[in-house]
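One structure is given here, and the rest of the page talks about it.
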Amino acid sequence: MGTLGSPKNTIDILKKHGFAIQKKFGQNFLVDSHVIEKIIRAAGITREDFVLEIGPGIGTLTQYLCEKAGKVLAVEIDKKLIPILDETLSGYDNVTIINDDILKADMASLVKEYGNNRPAKIVANLPYYITTPIIMEIFERHIPLSDITIMVQKEVADRIQAKPGSGDYGALSLAVQYYARPELVANVPPNCFIPRPKVGSAVIKLVPYGKPVYHVEDEGLLFMLVRASFNQRRKTFVNGIANFEGLKYGKDDVARALDALGIDRDVRGEALSLEQFAAIANYLSKLRIQ
Ligand code: SAM
């Protein structure tokens, strides 16, 4: 299928273009065709699909995406990779390459413009230094999408899937699980990349819920409560909220909410489920109106 998914072909193309790998852009290129095939299979791409790839690098995964999808849009920050992509993707007429920072680009408009009214399938081997901002941007901006299949650090995959009470459970778990159901696709060792990252990686698929599982009156308040309670993990939930700048609830308000919902007043944020966070947010948002 692709012509790049091996160490030799990757090194050859980098040498040919005199390309120096940029650590600051989180560049770890995939060189294992089995892993690439797993990503493609998990993403379940067909000719009907529009795929947005974040950070195509030298175009390894992109070639496989072009083989399967109707249309691929690839957004790459490093302008020195553009001539390489022009070469490695020259055999495909269903791809557009854009040189931009995905966090500055207007993703919703791009999907609208290139997707031809189709929701995007997002597929990426993400740059690890900005994984969380990218994931949050995708969800918070309500970009029309059908699902997300991404390579992330193993530790981030663990945090995304964590349940209440586990050490990995935190703001990222709650934020992602509010919007989507996470599924682990594969663990990926460092030797599948050039250069090798210092940490293990994992491919994870996020399937958004059509509509939120829990009704929340004020999403902004929900996420402030989540941030406040994990900002100071060792504090009780009541103290974490009462001490957090930007939230105007006193200890009494928070204690009242917990009592009303039958939750122990000494509870810590890490023990609260998403459903409980949502119920507390709904209770407190009513208090503010009165
Ligand atoms: N997809 C390629 C692969 O699998 O071999 C490269 C993956 S590499 C981990 C991450 C890629 O994202 C790099 O090509 C890097 O230059 C690009 N990148 C980093 N920050 C970016 C940003 N803010 N916007 C778009 N691309 C970015």
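Taking one quarter of the surface of the C-alpha convex hull of the chain gives a mean projected area of 15.7 nm². Where in the range 24-49 is the amide nitrogen less than 12 Å from a point lying 7 Å along the Cα-to-Cβ axis of GLU87? Counting backbone N atoms under 12 Å from the label point, the list is empty. GNM remark for the chain: springs join alpha carbons under 10 Å apart, and the peak mean-square fluctuation among GLY70, GLY165, GLY262 falls on GLY262. Here the label points at SER166 and GLU140, each 7 Å from Cα along the C-beta direction, are separated by 2.5 nm in the simple model. With R₀ set to 25 Å, the beta-carbon distance separating ASN9 from LEU103 gives a calculated FRET efficiency near 0.25.
Remark: spin-label model distance VAL267-LYS24 equals 4.5 nm, labels positioned 7 Å along the Cα→Cβ axis.
Based on the Cβ-Cβ distance from ASN116 to GLU155, what FRET efficiency comes out when R0 is 30 Å, to the nearest 0.05?
Between ASN116 and GLU155 the formula returns 0.20.
Kirkwood-type hydrodynamic radius, the range 163-257: 15.9 Å, calculated from all non-identical alpha-carbon pairs. Using a simple spin-label model with pseudo-atoms 7 Å out from Cα toward Cβ, ARG41 and ASN187 lie 1.8 nm apart. Cross-link pairs exceeding 19 Å in C-alpha to C-alpha distance, out of LYS15/LYS79; LYS79/LYS154; LYS71/LYS112; LYS251/LYS286, comprise LYS79/LYS154.
Loop-resident GluC sites (Glu not before Pro) (DSSP state other than H, G, I, E or B) in the range 38-80 with no more than 16 further Cβ atoms inside 10 Å of their Cβ: GLU48.
Rounded to the nearest 20 debye, what is the charge dipole size of the chain about its Cα centre when +1 sits on each Lys and Arg Cβ and -1 on each Asp and Glu Cβ? Walk me through the intermediate numbers first.
On the way: 36 positive and 34 negative charges, 111 e Å.
Magnitude of the dipole: close to 540 debye.
For THR96 and GLN232 in the same chain, what is the full-extension length gain: residue separation times 0.36 nm, less their Cα-Cα distance, in nm?
The THR96-GLN232 span can extend by a further 44.5 nm.
Between the amide H of GLN27 and those of GLN22, distances stay under 5 Å, these residues lying 5 or more places away or on another chain, with hydrogens modeled in the peptide plane. Here the average projected area of the convex hull drawn through the C-alpha atoms of the range 221-272 stands at 3.1 nm². Close amide H contacts of PHE244 (hydrogens built in the peptide plane, cut-off under 5 Å, sequence separation of 5 or more or a different chain): none are found. Only one residue of ALA20, VAL123, TYR92 has its Cα farthest out toward the positive end of the dipole of the chain, where Lys and Arg carry +1 and Asp and Glu -1 on Cβ, and that residue is ALA20.
Laboratory data are not the source of any read-out in this text; all were calculated from the coordinates shown. Bear in mind the structure is a predicted one, so any value in this text is a computation, not a measurement. When we count neighbours, we look across all protein chains shown, and the Cβ atoms used for this are built from the backbone with ideal geometry, even at glycine.
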